[in-house]
1. Within the stretch 79-110, count every residue that is open to solvent by 40 Å² or more (accessible area, probe 1.4 Å) and more than 24 Å from the chain's Cα centre (by Cα).
2. Is the stretch 230-245 home to any residue that is among the aliphatic types (A, V, I, L, M) and either out of contact with any strand residue (DSSP E or B) (no Cβ under 9 Å at 6 or more places or on another chain) or over 30 Å from Pro413 (Cα atoms) (or both)?
3. If Gly276 satisfies every condition in (1) modelled with pLDDT under 95; (2) in contact with a helix residue (DSSP H, G or I) (Cβ under 7 Å, 6 or more places away or on another chain) but one, which is the exception?
4. Limited to the stretch 311-364, what total is found for residues that are open to solvent by 10 Å² or more (accessible area, probe 1.4 Å), assigned to a helix (DSSP H, G or I) and more than 21 Å from Ala168 (Cα to Cα)?
5. Considering only residues that are open to solvent by 60 Å² or more (accessible area, probe 1.4 Å) and charged (D, E, K, R), look in the stretch 32-50 and name the one that is nearest to Ile121 (Cα to Cα).
6. Among the residues that make up the stretch 415-426, is at least one of them of a type in the set (Asp, Glu) and open to solvent by less than 50 Å² (accessible area, probe 1.4 Å)?
7. Among the candidates Asp472, Asp441, Asp461, single out the residue that is open to solvent by less than 60 Å² (accessible area, probe 1.4 Å), in contact with a helix residue (DSSP H, G or I) (Cβ under 8 Å, 6 or more places away or on another chain), among the acidic types (Asp, Glu) and modelled with pLDDT of 90 or more.
8. Cβ-Cβ distance below 8 Å, separation of 6 or more or different chains: which pairs start in the stretch 132-149 with a residue that is touching a residue at least 40 places away in the same chain (Cβ under 8 Å) and within 12 Å of Thr202 (Cα to Cα) and end on one that is among the β-branched types (Val, Ile, Thr) and surrounded by fewer than 13 Cβ atoms within 10 Å (Cβ to Cβ)?
Amino acid sequence: MRKWLVCAVAAVLAIGVRAQEPYPELGAKLDEYFMALLGESLDVQSRECDFLISSTQDSLVRQYVALKIYDHYLQSKVMGDDAVAVHIAQKWFLSGDIAMKSSGDYFNARLFTEFNKSSLIGAVAPVLSLKDPSGAPVRVPAEEGWSVIYFYDTSCSTCKVETPRLKALVEEGAYPLQVYAVYVGASSESWAAYRETFPGVTHVWDPEIVSDWQRLYGVLQTPRMFLVNPSGTIVGRNLDTPALRILLNKEFSSASYVYGEPSVMLRYAQFFTPYGDSLKVSHVMDVADYLAARTFGEGNIDAFKQVEGDFLYFLSSQKTEVFRDAAVPFVEKYITKLPDVWTTPADKAQIVSLGEMLADLSSRTPAGSQIPDLTVPGVLRRKPCLFARGSRPGRFALRNLKGSPAYLVFYSPSCSACKEMLAKVDSLVAENRQARVLLVDMDALLTDEPEEGASLLDSFDLSGLPMIVELDRAGVVRHRYVSF
């Protein structure tokens, strides 16, 4: 399959060098090729990409191919793929062999490479000398055994979601780990308060960044989590706690189940591609029912646990309304009502706890429910106030948010996806005089008014930002997980 695609790409390169941008046929073939490379080692993928770039003769097409490959691996959600992006940047762009579109793109590529090259999958973890609360030096990671390095900030809204999940994993005691919680801020008071809430880990910091942790581990935003094996090699990066569980279970679980492999997640995603925008919860459950009928229905419990466990991990990775709505009936039908299936400690750690958490998050303020009766600080964006960037800051009752349409937006200023969303908000309200968008800065809210922040965390699924909720004129939720 891959050999055929190489030939197909090469053929397009041969005949398409005079085509005009953006080379749609070549782009489509490259997308197919990326799919064929999925699952290959990073070294193989890097070599294959080098071959494709070097095989192009026309300078414009060569630039297009190199940028297409770089962007693919830069944006990939598959852990470790950023190593290929670093390789392409160093070999082709930063070396001067191929020009980027602008000096800004070149600067970003150099910054990305500098802040990622030391902490890639398979690299020896940089050794940091940090300080514990008494000021004594602490080596991070540990010289022996497994280490988790968790960079966080006490004012980071995403960290306030991630920390309880990591805390639960630590409290289970199922894995022999040394967990280092690295505070990236400079407030000793905030750090002291945080340490009280998270026992059982090694708390360290370096407020003056003497150890260069920011560059060595690429910590440009938080949270950021790494898993280091006993030989000192990085085996997991940019992890959240569910992803950390997957890696740990590969090493420590006595069960033979490994959930959430990227190639399996891709296959599940392909099941739903034909539905497009017409996808419904019933369609998602039809797939789950089919998998159950072909496994559980035929008495193959092991196969059932594997395919439905993978399906749970797939649902947990999706941030769209249909899949999150489907999580509630799926967990109820295939996990909660089958306690005799999910019986082992690994089952409870990998499946039951994740299922309960996912169902709980997905059930918060679903479509058709009344918006909670809460008043929060925020900024109301609407067309008459466009001349003022921060239009109408104040306190707003969520049930009084009226517009056609009306959106409630939870965001973090440090989140890159949130920045893109805020730009789209400007366009939305500029084009529609009736639109109303209430922006709620979760970082500021959780720092300045933690009780109100906690109420929002209890009322909405804020495990990923931005979170956008569409309301009707009566304050009833029309849609969640909206994208502008």
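1. Initial filter on the stretch 79-110 (open to solvent by 40 Å² or more (accessible area, probe 1.4 Å)): 79, 87, 90-91, 94-97, 99, 101-103, 105-108, 110.
Right, trim to more than 24 Å from the chain's Cα centre (by Cα) and you get 90-91, 94-97, 99, 101-103, 106-107.
Summing the residues that are open to solvent by 40 Å² or more (accessible area, probe 1.4 Å) and more than 24 Å from the chain's Cα centre (by Cα) in the stretch 79-110 gives 12.
2. Taking the stretch 230-245 as the starting set, the residues that turn out to be among the aliphatic types (A, V, I, L, M) are 234-235, 239, 243-244.
Keeping just the survivors that are either out of contact with any strand residue (DSSP E or B) (no Cβ under 9 Å at 6 or more places or on another chain) or over 30 Å from Pro413 (Cα atoms) (or both) gives none.
No, the stretch 230-245 has no match at all.
3. (2) is the only condition that Gly276 fails.
4. 9
5. The residue in question is Asp43.
6. Taking the stretch 415-426 and keeping what is of a type in the set (Asp, Glu), we get 420, 426.
Checking which are open to solvent by less than 50 Å² (accessible area, probe 1.4 Å) leaves us with 426.
Yes, the stretch 415-426 contains a residue that is of a type in the set (Asp, Glu) and open to solvent by less than 50 Å² (accessible area, probe 1.4 Å).
7. Numbers: Asp472 fails: in contact with a helix residue (DSSP H, G or I) (Cβ under 8 Å, 6 or more places away or on another chain); Asp441 fails: in contact with a helix residue (DSSP H, G or I) (Cβ under 8 Å, 6 or more places away or on another chain).
Asp461 is the lone residue from the list that is open to solvent by less than 60 Å² (accessible area, probe 1.4 Å), in contact with a helix residue (DSSP H, G or I) (Cβ under 8 Å, 6 or more places away or on another chain), among the acidic types (Asp, Glu) and modelled with pLDDT of 90 or more.
8. From the stretch 132-149, the pairs are Val140/Val127; Pro141/Val127.
The values are calculated or read from the model by the stated rules, or taken from the named source; none is laboratory data. Keep in mind it's a predicted model, so treat the numbers as computed, not measured. Note: ideal-geometry Cβ built from the backbone for every residue, glycine included; neighbour counts use all protein chains shown. Areas reflect the complete protein model, heavy atoms only, side chains present, ligands, DNA and RNA absent. Shrake-Rupley method; radii C 1.70, N 1.55, O 1.52, S 1.80 Å.
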